[in-house]
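The values are calculated or read from the model by the stated rules, or taken from the named source; none is laboratory data. Just so it is clear, the structure is predicted and the values come from calculations on it, not from any experiment. Cβ atoms come from the backbone with ideal geometry, glycine included; neighbour counts cover every protein chain shown. Areas reflect the complete protein model, heavy atoms only, side chains present, ligands, DNA and RNA absent. Shrake-Rupley method; radii C 1.70, N 1.55, O 1.52, S 1.80 Å.
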Amino acid sequence: MSAAAKTRVELVQERFERQLAAACDVVAPLGDDTPIVEGSRLDARRARALFEDMALSRLLDVASRELKKTNRSFYTIGSSGHEANACVGALLRIDDPCFLHYRSGGLMMARARQLPGSTPVFDTLLSFAASAEDPISGGRHKVWGSRPLWVPPQTSTIASHLPKAVGLAVALGIARRNGVDTGLPQDAIAMASFGDASANHATAQCAFNAARYSRKRGSPVPVLFLCEDNEIGISVATPRGWIEETFSTQPGLEYVKAEGSIDAIYDACGRAIDLCRARRVPVFLHLRTVRLFGHAGTDVETGYRAVADIERDEARDPLALAAARLLETGAATADGLRAIWASAKERVFAVMDEACARPKLTTREQVMAPLFQF
C-alpha cells in the first residue's frame, strides 16, 4: 500500500511505532519514586502509568476505526491528540465528580486505574459496538460514564454539561452549610471538560458567568473547567490566542495553562486542582492539545485543511512526545516502553471481537425501556 493510499490513522501509528522500535536508552533509569525532573510531582512510576493510560486511549481509537470498516463500531469520535488529559484523571480523586466531553479517553483510563477491578477498555469497546451490555447507556449511545467513578454520563450536546458541574459545585457548599450528607468528602471538587470551540457556546458562557457571579457573592464554587484546546472546532479554526486572551483575564476565574512536556503538564494540572480544592474557587485549566485523525471517522480533514498543517499537528503527537520525555529523563527504558505498548495493544485487540459479539438492543421496546422506569 502506498503512503498516499494510507489513512492518517495508519500513518500516525506507523510513525509512532517506528520511533518506538528505534528508541534506545540515553540515561540511567530512575528509581520508581524519583521525580522525573527535580521539583516535579511526577515520579517515574506515575509517568509510566500515564504512558500506559495514554496508549490505551489511543489504541481504543484505532480499534473503533478498524471496527467501523466492518460496521461493528458505531462511534468514531476519538481522543487522539488529547491523551495528556490522563494527567487530570490521575490527579483528581474518584470522589471528585467529572462531567466529561467525548475526547476524554486518557482521563477515563487514568481515573479507572484508581479503582481496582475496573474494566475501562472492555466497557469502552462495548459502547463502541452499541452492545446492550454497555454499562453506561446499554447500547443507546457512546458516552463516558461510571457510577463508582463519579462520572455522570453526558450526551454530545455541546457544553450542556458545564452548568451541571457549576450547579454541583455550588450545591456542595450549600450541603455543607446545612449538614446534608452528599456521599462526597467536604473538599470534593467538580470538573467539566470541553473543547476550545465549545467555550464560545452560550451554554458554556452561562456556566462561566454563573461560577464567577456566585464567587462574587461569596459562595464557594469549587469547579474546575478543563478546556482542551486543539485550536479547531470540527472544520473551523480557533483564532490563535483566543482561549488564553479570553479566559486569563476574567475576574473571579483563576487561570492555569498546561502545555509542554508531560511533567510540565502534570504539574500545571496539579496546581490547578490544588487551587480549586484549597480555595473553593472556579479555575480555568487551559490544556494545549492537538487533534489527530480528524473530527471523526467520517471526517475528510484534507477537504478543509492543508496536508502540511495536518502533518504539523501529527509531529506534536502527545504519545510520541511522552515516550521521548520518559526516555530522556530515565523514567522508562526503551524496552520498558515497548513492553507497555505491546501489552496495551494486546489488551485492546484481545477483547475487541468479544465486545462486538455481545448482545445488541433489537426492539423498539428495549430501546425505549428506560423512559418508562419511573
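Do we have SER235 as among the polar types (S, T, N, Q) and surrounded by 16 or more Cβ atoms within 10 Å (Cβ to Cβ) here?
Values: among the polar types (S, T, N, Q): yes; surrounded by 16 or more Cβ atoms within 10 Å (Cβ to Cβ): no.
So SER235 fails the test.
Based on this model, can you work out whether GLY106 counts as among the small types (Gly, Ala, Ser), surrounded by fewer than 24 Cβ atoms within 10 Å (Cβ to Cβ), out of contact with any Phe, Trp or Tyr (no Cβ under 8 Å at 6 or more places or on another chain) and modelled with pLDDT of 95 or more? Steps first, answer last, please.
Working: among the small types (Gly, Ala, Ser): yes; surrounded by fewer than 24 Cβ atoms within 10 Å (Cβ to Cβ): no; out of contact with any Phe, Trp or Tyr (no Cβ under 8 Å at 6 or more places or on another chain): yes; modelled with pLDDT of 95 or more: yes.
Against the criterion (among the small types (Gly, Ala, Ser), surrounded by fewer than 24 Cβ atoms within 10 Å (Cβ to Cβ), out of contact with any Phe, Trp or Tyr (no Cβ under 8 Å at 6 or more places or on another chain) and modelled with pLDDT of 95 or more), GLY106 does not qualify.
Just to verify a result, which residue in segment 82-96, among those that are surrounded by fewer than 24 Cβ atoms within 10 Å (Cβ to Cβ) and either outside any loop (DSSP other than H, G, I, E, B) or not charged (D, E, K, R) (or both), is nearest to the chain's Cα centre (by Cα)?
Across segment 82-96, the extreme among qualifying residues is ALA90.
Here's the yes/no breakdown for (1) open to solvent by 60 Å² or more (accessible area, probe 1.4 Å); (2) within 28 Å of GLY138 (Cβ to Cβ); (3) assigned to a loop (DSSP other than H, G, I, E, B); (4) touching an Asp or Glu at 6+ places or on another chain (Cβ under 6 Å):
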{"residue": "THR155", "(1), (2), (3), (4)": "yes, yes, yes, no"}
{"residue": "LYS164", "(1), (2), (3), (4)": "yes, yes, no, no"}
{"residue": "VAL170", "(1), (2), (3), (4)": "no, no, no, no"}
{"residue": "ALA175", "(1), (2), (3), (4)": "no, no, no, no"}
{"residue": "VAL180", "(1), (2), (3), (4)": "yes, no, yes, no"}
{"residue": "PHE194", "(1), (2), (3), (4)": "no, yes, no, no"}
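How many residues does segment 19-31 hold that are within 25 Å of the chain's Cα centre (by Cα) and open to solvent by 50 Å² or more (accessible area, probe 1.4 Å)? Show your work before the answer.
Within segment 19-31, the subset within 25 Å of the chain's Cα centre (by Cα) is 19-20.
Checking which are open to solvent by 50 Å² or more (accessible area, probe 1.4 Å) leaves us with 19.
So the answer is 1.
With ARG111, ARG65 as the choices, which residue is within 23 Å of THR298 (Cα to Cα) and either without any contact (Cβ under 8 Å) to a residue 12 or more places away in the chain or in a helix (DSSP H, G or I) (or both)? If you could, list the steps in order and put the result at the bottom.
On the way: ARG111 fails: within 23 Å of THR298 (Cα to Cα).
It is ARG65.
In segment 232-251, how many residues are over 21 Å from the mean Cα position of the chain (by Cα) and in a loop (DSSP other than H, G, I, E, B)?
Restricting attention to segment 232-251, the residues satisfying the condition of being over 21 Å from the mean Cα position of the chain (by Cα) are 236, 239-242, 245-246, 248-251.
From what's left, in a loop (DSSP other than H, G, I, E, B): 239-241, 248-251.
Here the count works out to 7.
So the check is Cβ under 6 Å with 6+ separation or different chains; which pairs have a first residue in segment 191-217 that's closer than 14 Å to PHE284 by Cα and a second one that's in a helix (DSSP H, G or I) and open to solvent by 40 Å² or more (accessible area, probe 1.4 Å)?
Hits for this filter: ALA207/PRO163.
Which of (1) in contact (Cβ under 8 Å) with a residue 24 or more places away in the chain; (2) open to solvent by 80 Å² or more (accessible area, probe 1.4 Å) is the odd one out, the single condition ARG45 does not satisfy?
ARG45 satisfies all of (1) in contact (Cβ under 8 Å) with a residue 24 or more places away in the chain; (2) open to solvent by 80 Å² or more (accessible area, probe 1.4 Å) except (1).
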